[in-house]
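**Student:** Got a structure for you, questions after.
Computed from the coordinates by the stated procedures, all read-outs in this text should not be read as laboratory data. Everything quoted here is computed from the prediction, not taken from an experiment. Ideal geometry is used to build each Cβ from the backbone, glycine not excepted, and the neighbour counts take in all protein chains shown.
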Amino acid sequence: MNSELIRNDFPILKKECGGRPIVYLDNAATSQKPLPVLEAVYEYNTQGNGNPHRGAHVLAISASEAYDGSKEIVRRFINKRSPKEIIYTRNTTESLNLIARSYGETHLKKGDHIVITIAEHHANLVTWQRVAQKTGAVLDYIYVDKKTGHFLEKDLEKINKNVKIVAFAQVSNVLGIEFDPRPLIQRAHEAGAVVVLDGAQSAPHRRVDVQELDCDFFAFSGHKMCASGGIGVLYGKEQLLDDMEPFNLGGDMIEEVREQSTDFAELPAKFEAGTQNVEGAVSLEAAIRYLNEIGFDEIQKQERKLVTQAIQGMQQIPHIRIIGTENPEEKEGLVSFTVDDVHPHDVAEILSAVGICIRTGHHCAQPLHTYLGIYASCRASFYFYNTEEEVQYFLKHLRTVRSVMGYDD
Ligand SMILES: Cc1ncc(COP(=O)(O)O)c(C=O)c1O
């Protein structure tokens, strides 16, 4: 991978901060956008902007073509047969809310069980709490080994015939563990449960094949994979989507409206009420084309190199505690950690003063932090445009954090 060439595609990486180009290590929160994506959005807005699926004029038609055409690229990206199964949302959060509301709340009843993991992002946790509260279902957790972050084998037995939904992230945004979800999906299906896979932290980094995974729903966000904010994807198996209530009601999602009743449109329009984010769809198409051109093998190779270097460097710094496995082969693009006696926000501020952007807080995974006995952590997350030089710079300044705070070891 030619990092220099790639970085030229990202104007924001040239932004100066602390007297040098910014070191952006908050990619798990949101990624930066390359020129081909910015240009595609500009082109759409200057040449093709209209309201899709409404009107017969040239701009309405070009907007419809841009919107519908992008779905073909998304369909190929996750390897699905039909674009009908691809619903655009605002982000992963909205995709998960759609499943929880339109499937969970209508298909579950008192006594049913929902199984999630303790490592879930709030988007895949609070949503299921609400389903449980509304339906009387029971919310069960699969816990993780506190050292390695791997699921506790014995907890997998919680997936039994009473379980109707199993929902989990393919990659945790805190633990960053890469694991094969297929045995879990198979187990859930054998129990008769529907599987919801949160792909927010996996889709930007690896090839996703929803047919091979055989998950029932898959959710991800464009902004974490080089597209604009405000565009997300929900994939669902056609049979399940057909059997679900619409999420939002209004224009574009109807077949026929009478005074007292309505027939809803076919998929995917049934779940896409109101004027859609065509600009976002255009950016997502451009982002997928861009990532495909670089190639996911190359992307993973570069990220693995950076994560290995980061972990090995952090292991040499006293008082740094890495969260979850320290095996770089098992980490997908991010390393969460704490620094003894230093509040994570202070770590972030010290690093920010020299132009390094990391994330701190509970990363929308408060139950996981509580379970691990910490209130917050720091997270450095990498993408293919980061360099080894940036990792060295990060390590150099991480080493100074405790002395800046007045500790002399
Ligand atoms: C694992 C996981 N799930 C869901 C989300 C929510 O994504 P969004 O904020 O794009 O809806 C995130 C965001 O960081 C995440 O990391």
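**Student:** Dipole of the chain (Lys/Arg Cβ +1, Asp/Glu Cβ -1, origin at the Cα centre): which of TYR88, LEU35, ASN124 lies farthest to the positive side?
**Tutor:** ASN124
**Student:** Over the Cα atoms of the chain, how large are the radius of gyration and the largest Cα-Cα distance (Dmax), in Å?
**Tutor:** Values for the chain (Cα only, Rg and Dmax): 22.0, 75 Å.
**Student:** At what distance in angstrom do the alpha carbon centres of region 123-178 and region 201-229 lie from each other?
**Tutor:** Here the two parts' Cα centres lie 19 Å apart.
**Student:** What fraction of the DSSP beta bridges in the chain is antiparallel, stated in percent and rounded to the nearest 5?
**Tutor:** 55 percent
**Student:** Please arrange ARG402, ARG54 by how many other C-beta atoms lie within 10 Å of their C-beta, fewest to most. Could you put the intermediate results ahead of the total?
**Tutor:** On the way: ARG402 21, ARG54 13.
Least to most surrounded, the residues fall as ARG54, ARG402.
**Student:** Next up: Grab the DSSP H runs of the chain that are 4 residues or longer, score each as -39,500 (n - 2.57), total them, divide by all residues and round the 222 nm result to the nearest 500 deg cm²/dmol.
**Tutor:** Result for the chain, helices only: -10000 deg cm²/dmol.
**Student:** Assign unit charges at the C-beta atoms only (+1 for Lys and Arg, -1 for Asp and Glu), then state the dipole size of region 21-167 relative to its Cα centre in Debye, rounded to the nearest 20.
**Tutor:** Here region 21-167 has a charge dipole of around 520 debye.
**Student:** Using Cα pairs under 8 angstrom and six or more residues apart, how large is the relative contact order of region 155-211, in percent?
**Tutor:** Once normalised by length, the contact order is 44 percent.
**Student:** With only Lys, Arg, Asp and Glu charged, each at its Cβ (+1 for the first two, -1 for the last two), find how big the charge dipole of region 38-292 is about the Cα centre; round to the nearest 20 debye.
**Tutor:** 660 debye
**Student:** Most mobile of GLY18, GLY295, GLY50 per a Gaussian network model of the chain (Cα springs, under 10 Å)?
**Tutor:** Of the options given, GLY18 has the highest mean-square fluctuation.
**Student:** Still on this structure, I have one more. Where does each of THR262, THR92, THR117 land when they are ranked from fewest to most other beta-carbon atoms within 10 angstrom?
**Tutor:** Ascending number of Cβ neighbours within 10 Å: THR262, THR117, THR92.
**Student:** Need the C-alpha centroid separation for region 293-364 versus region 12-30, integer Å.
**Tutor:** 15 Å
**Student:** Considering the dipole of the chain built from charges on the beta carbon (Lys and Arg +1, Asp and Glu -1) around the Cα centre, which of GLY229, LEU139, LEU291 is farthest to its positive end?
**Tutor:** LEU139
**Student:** Another one. Gaussian network model of the chain, Cα springs within a sub-10 Å range: biggest mean-square fluctuation belongs to which of SER95, SER336, SER261?
**Tutor:** SER261
**Student:** Still on this structure, please answer the following. Starting with the fewest neighbours, write out THR338, THR400 ranked by other beta-carbon atoms found within 10 Å of each beta-carbon.
**Tutor:** Ascending number of Cβ neighbours within 10 Å: THR400, THR338.
**Student:** Anything over 21 Å Cα to Cα? Flag those among LYS80/LYS331; LYS147/LYS331; LYS224/LYS396; LYS80/LYS301; LYS84/LYS161; LYS154/LYS237, in the order listed.
**Tutor:** Result: LYS80/LYS331; LYS224/LYS396; LYS80/LYS301; LYS84/LYS161; LYS154/LYS237 exceed 21 Å.
**Student:** Please work out how much length the chain gains when fully extended from ASN79 to THR30, using 0.36 nm per residue of separation minus the C-alpha to C-alpha distance, in nm with one decimal. Could the numbers behind the result be given before it?
**Tutor:** On the way: separation 49, 0.36 × 49 = 17.64 nm, distance 2.40 nm.
In short, 15.2 nm is gained.
**Student:** In percent, how large is the relative contact order of region 1-87, given Cα pairs closer than 8 Å and 6 or more residues apart?
**Tutor:** Relative contact order comes out at 14 percent.
**Student:** Additional query: Compare the Cα positions of SER64, LEU267, HIS189 along the charge dipole of region 38-292 (+1 at Cβ of Lys, Arg; -1 at Cβ of Asp, Glu; about the Cα centre) and return the one farthest towards the positive end.
**Tutor:** The Cα lying farthest towards the positive end belongs to HIS189.
**Student:** Now for a different question. Say we join alpha carbon atoms closer than 10 Å with springs in a Gaussian network model of the chain; which of THR93, THR387, THR46 then has the biggest fluctuation?
**Tutor:** Maximum fluctuation in the GNM of the chain, among the listed residues, is at THR46.
**Student:** How big is the equivalent ellipsoid of region 132-291 along its three axes, where each semi-axis is √(5λ) from the Cα gyration tensor, reported in whole Å from largest to smallest?
**Tutor:** 31, 23, 13
**Student:** So for region 38-292, averaging the separation of alpha carbon pairs under 8 Å that are six or more residues apart and normalising by length, what relative contact order in percent results? Mind showing how you got there, number by number?
**Tutor:** Details: 482 pairs, mean separation 61.9, N = 255.
Averaging sequence separation for qualifying contacts and normalising by length gives 24 percent for region 38-292.
**Student:** Within the chain, which is the longest segment that contains none of the chymotrypsin sites (Phe, Trp or Tyr not before Pro) sitting in a DSSP loop with at most 15 other Cβ atoms within 10 Å?
**Tutor:** 144-374
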